[in-house]
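Undergrad: Dropping the structure in here first, questions after.
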Amino acid sequence: MTKAKTTLLIAEDDGPSAELINARAEALGYEVLRTTSSAEEAVSLARELKPDLILMDIQLLGPMDGIHAADQIRDLQLPVVFLTASSDTLTLERAKLTEPFGFLLKPFGARDLKVTLEIALYKHKMERERDRLTEELRQALARVKTLVGLLPICAYCKKIKDDAGYWSQVEAYIMKHSDASFTHGMCPDCFQRVKKEIDSVEKSGCAEHSELAGH
């Protein structure tokens, strides 16, 4: 089975630059789903196509720039790499707030594109894996209840008092506060004790029966 290519969405308002990036990306083995010069359309295409990664120019056509677009796309959990010809501090600070997966400063070569894309995709993969493991851990912790501290237990009937002040059987308390369950049996010591009690009762019954028969 042929492995599916990693898909890209390119948002670039300069036509020749968009064509060059497209050609370089395809030469590297990526599949470019669409290119657009509009930030609004980039958001719409991201929702529709769900590309593996988005190359987003900061300066785009229309009232919305690439930073605003990336901020909206962040909810889709799709990685964004910014393309920019500007490295001024204010722009970079705004861009960092969207938590991008990389920056490419124009002009850039094929090697820069390759390295940036590979690192961004790897980082996104690791973050998704981290989120998955975190969720599994959260669910596991939600299922686990641990018995800690002093447990008030009656010295005679062996019932345990819970936090609400109710007394319950040990089995019921442990099952409520852990993932444990019980099957009931009899240990050898209790078996011998009970057997002796039964034998004693049977002997007493026989002796009583004999006395009654003698009368």
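Each reported figure results from applying straightforward, stated rules to the coordinates on display, with no laboratory input. Since the structure is predicted, the reported quantities are computational estimates derived from the model, not experimental observations. Note that we place each Cβ from the backbone using ideal geometry, even for glycine, and neighbour counts take in every protein chain shown.
Undergrad: Per DSSP H run of at least 4 residues, take -39500 (n - 2.57); add these up for the chain, divide by its residues and hand me the 222 nm value, nearest 500 deg cm²/dmol.
TA: Theoretical 222 nm ellipticity from helices: -16500 deg cm²/dmol.
Undergrad: Give me the distance in nm between label points sitting 7 Å out from Cα along the Cα-to-Cβ direction at residue 108 and residue 47, one decimal.
TA: If labels sit at residue 108 and residue 47, their model points lie 2.7 nm apart.
Undergrad: Sequence gap at least 6, Cα distance under 8 Å: using those rules, report the relative contact order of the chain to the nearest whole percent.
TA: 12
Undergrad: Ok, one more. When N is the residue count of the stretch 32-90, what does its C-alpha Rg come to as a fraction of 2.2 N^0.38 Å?
TA: 1.04
Undergrad: Arrange the peptides 82-95, 170-183 so that the one whose residues have, on average, the most other Cβ atoms within 10 Å appears first.
TA: Packing order, densest peptide first, comes out as 82-95, 170-183.
Undergrad: Straight-line reach only, C-alpha to C-alpha below 30 angstrom: list the lysines that residue 203 could link to, leaving out same-chain residues fewer than 8 apart.
TA: 195
Undergrad: Here's something else I'd like to know. What distance in nm lies between label points placed 7 Å from Cα along the C-beta direction at residue 97 and residue 156?
TA: Label-label distance for residue 97 and residue 156, simple model: 7.0 nm.
Undergrad: Given a Förster distance of 41 angstrom, what is the FRET efficiency for residue 183 paired with residue 135, based on the Cβ-Cβ distance and rounded to 0.05?
TA: The calculated FRET efficiency here is 0.80.
Undergrad: Additional query: Return the tail of the calculated pair distribution for the stretch 7-141, meaning the percent of Cα-Cα pairs more than 26 Å apart.
TA: 20
Undergrad: Label points 7 Å out from Cα along the Cβ direction at residue 163 and residue 200: separation in nm?
TA: Between residue 163 and residue 200, the simple spin-label model gives 4.4 nm.
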